[in-house]
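Below: one structure, written as structure tokens.
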Amino acid sequence: MLDKILNFAEKYNMLSSGKTIICGLSGGADSVCLAYTLDMLGKRKGFNVEAIHVNHCLRGEESDRDEIFCREFCDELGIELTVVSCNVREYAERNSLSTEEAARILRYRAFEENSVGKLIATAHNANDNLETVIFNLARGSALKGITGIPPVRGNIIRPLLTVTRTEIEEFLSENGINYVTDSSNLSDDYTRNRIRHNILPQLAEINRSAVKTSVSSLDALREENSFIESETDKAYNACRFGDSLKGLSEFHPVIRKRCIARLLTEKRLPYSHDRLEEIDVLTRSKGKINLSGNIYAVSDGNCLSVKKISKPSHVEISAEFKLGSNSIFEGRTLTAELIRDKDLAYIKNVNTNLVIYLLDYDKIIGRAVIRNRRFGDKIKLIGRDFTSSVKKLISEKIPPECRDTLHFIEDEQGTILAEGLGVAQCAAPDENTVNYLKISISDD
């Protein structure tokens with residue numbers, strides 16, 4: 001087993017002569033095995049070994065027992081030990097975290113604070129790695145998530161990732177090495193414990209060597225992921241300009257989405273698989289997608305940017321409606337034309353890209369105005385026997401970037417036309433209509 005650990009560690013350049021490696025020591029079988037084997041390898045390869053024990057103060061006398069064990073174990077090996085105590089429950093309550101997550105955060109914080117200029121070794125093994133993959137699959141994950149626990153991350157190394165828990169326990173038994181058992185690992189209160197106690201045994205019934213075979217599978221996935229990451233590096237460096245990515249559409253979808261994820265991560269913006277898919281489509285079109293608050297992903301079809309867009313306060317715009325051209329929005333024109341019944345066939349046969357609405361001109365009551373949308377707008381559309389909220393209809397049918405320049409026409413009885421939604425029943429043409437009002441809207 002020692003050679004297996006050494007070969008894996010050397011593959012990922014974990015062990016360097018003259019370095020100090022601090023072993024995260026809980027007192028359990030995995031961490032005791034790690035400390036013991038590192039001490040042996042340190043004498044062979046010329047690096048120094050220390051240990052750190054984090055007392056989470058969660059299990060009363062049992063937690064104190066673990067600390068005492070670690071002190072005695074390190075004294076026996078002649079390893080320098082640092083002990084850090086933390087109040088996990090208080091931290092969890094203060095930050096609305098689970099006990100498990102709070103303990104992990106405080107543990108790694110202690111590792112970071114006590115390992116400046118040194119390496120930290122954690123005792124994650126092959127079983128832990130497979131459990132992590134299953135956990136990530138259950139939550140939903142891309143390739144990066146199912147490659148498992150990284151062998152090296154920053155100054156954190158994990159030399160035991162190819163060693164199974166069975167191999168660890170056999171090694172300790174053969175060498176007469178004691179360890180302690182954390183009673184919380186025996187319950188199914190934590191998700192990882194449920195995977196460990198229920199799912200892995202089921203896998204073992206299918207293949208007794210499931211954990212061992214997962215080692216080579218995950219190693220292959222890590223290599224493939226490493227290749228994709230190197231290609232992503234090239235694309236990201238070629239496309240990155242400030243807060244923008246230019247020319248991203250030229251690359252494979254996998255590379256595009258990883259570049260987008262990197263940009264969002266750098267900007268500390270949340271994303272999901274579905275959101276990455278939406279933004280990826282945006283890179284090859286035009287528009288914007290809200291990311292968080294007033295932060296948007298904006299694309300012109302070639303350049304994808306992350307921008308802060310402050311929503312302007314709503315200004316009410318209105319003008320007297322008249323036949324001919326009406327313009328209340330820059331770059332958009334609403335044209336109104338009076339058509340007699342005999343000319344209606346001509347309208348229906350015209351080949352045009354314009355949006356055209358037909359109203360009964362004689363049903364317009366009193367003075368008509370053209371305006372933008374208003375809070376509380378309602379309309380009873382043609383063919384409906386109920387009045388609808390314009391806000392709700394717009395949310396269902398109109399893209400966000402188009403909503404502020406929609407035209408509305410109202411007379412003394414209310415809204416008779418809402419652009420993108422339709423004509424009100426009260427102004428709808430019928431078999432008695434003689435004068436048709438043709439409304440067409442165009443972008444200049």
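The values are calculated or read from the model by the stated rules, or taken from the named source; none is laboratory data. Quick caveat, the model's predicted, so the values are computed rather than measured. Glycine gets a Cβ as well: all are built from the backbone with ideal geometry, and neighbour counts include every protein chain shown. Accessible surface areas use protein heavy atoms only, side chains included; no ligands, DNA or RNA. Shrake-Rupley method; radii C 1.70, N 1.55, O 1.52, S 1.80 Å.
Quick notes
- Close Cβ contacts (under 7 Å, 6 or more residues apart or on different chains) running from residues in the stretch 251-274 that are under 14 Å from I295 (Cα atoms) to residues that are open to solvent by 50 Å² or more (accessible area, probe 1.4 Å) and in a loop (DSSP other than H, G, I, E, B) comprise L264/Y271.
- Matching residues in the stretch 100-127 - criterion: being over 19 Å from L25 (Cβ atoms), open to solvent by 50 Å² or more (accessible area, probe 1.4 Å) and in a helix (DSSP H, G or I): E100, E101
- Taken over the stretch 75-96, the criterion of being open to solvent by 60 Å² or more (accessible area, probe 1.4 Å) and assigned to a loop (DSSP other than H, G, I, E, B) is satisfied by G78, N87, N95, S96.
- Among residues of the stretch 221-234, those that are polar (S, T, N, Q), more than 15 Å from P151 (Cα to Cα) and surrounded by 14 or more Cβ atoms within 10 Å (Cβ to Cβ), counted: 1
For (1) free of Cβ contacts under 8 Å to residues at least 24 places away in the same chain; (2) not hydrophobic (A, V, I, L, M, F, W, C), each residue gets a yes or a no:
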{"position": "K19", "(1), (2)": "no, yes"}
{"position": "K43", "(1), (2)": "yes, yes"}
{"position": "H53", "(1), (2)": "no, yes"}
{"position": "E61", "(1), (2)": "yes, yes"}
{"position": "C74", "(1), (2)": "no, no"}
{"position": "C86", "(1), (2)": "no, no"}
{"position": "A92", "(1), (2)": "yes, no"}
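- Selected residue (only one of R192, R158 is modelled with pLDDT of 95 or more and among the basic types (K, R)): R158
- Being over 25 Å from the mean Cα position of the chain (by Cα), surrounded by 12 or more Cβ atoms within 10 Å (Cβ to Cβ) and in contact (Cβ under 8 Å) with a residue 12 or more places away in the chain holds for only one residue in L248, L200, L218, and it is L200.
- Tally of residues being in a helix (DSSP H, G or I) and surrounded by fewer than 14 Cβ atoms within 10 Å (Cβ to Cβ) across the stretch 203-212: 3
- The residue that is least open to solvent (accessible area, probe 1.4 Å), among those in the stretch 386-444 that are of a type in the set (G, A, S) and in a loop (DSSP other than H, G, I, E, B), is A428.
- Filter result for P150 (touching a strand residue (DSSP E or B) at 6+ places or on another chain (Cβ under 9 Å), within 16 Å of S214 (Cβ to Cβ), open to solvent by 20 Å² or more (accessible area, probe 1.4 Å) and of a type outside the set (F, W, Y)): yes
- For the stretch 137-148, the condition of being at pLDDT 85 or above and within 30 Å of E113 (Cβ to Cβ) holds for at least one residue.
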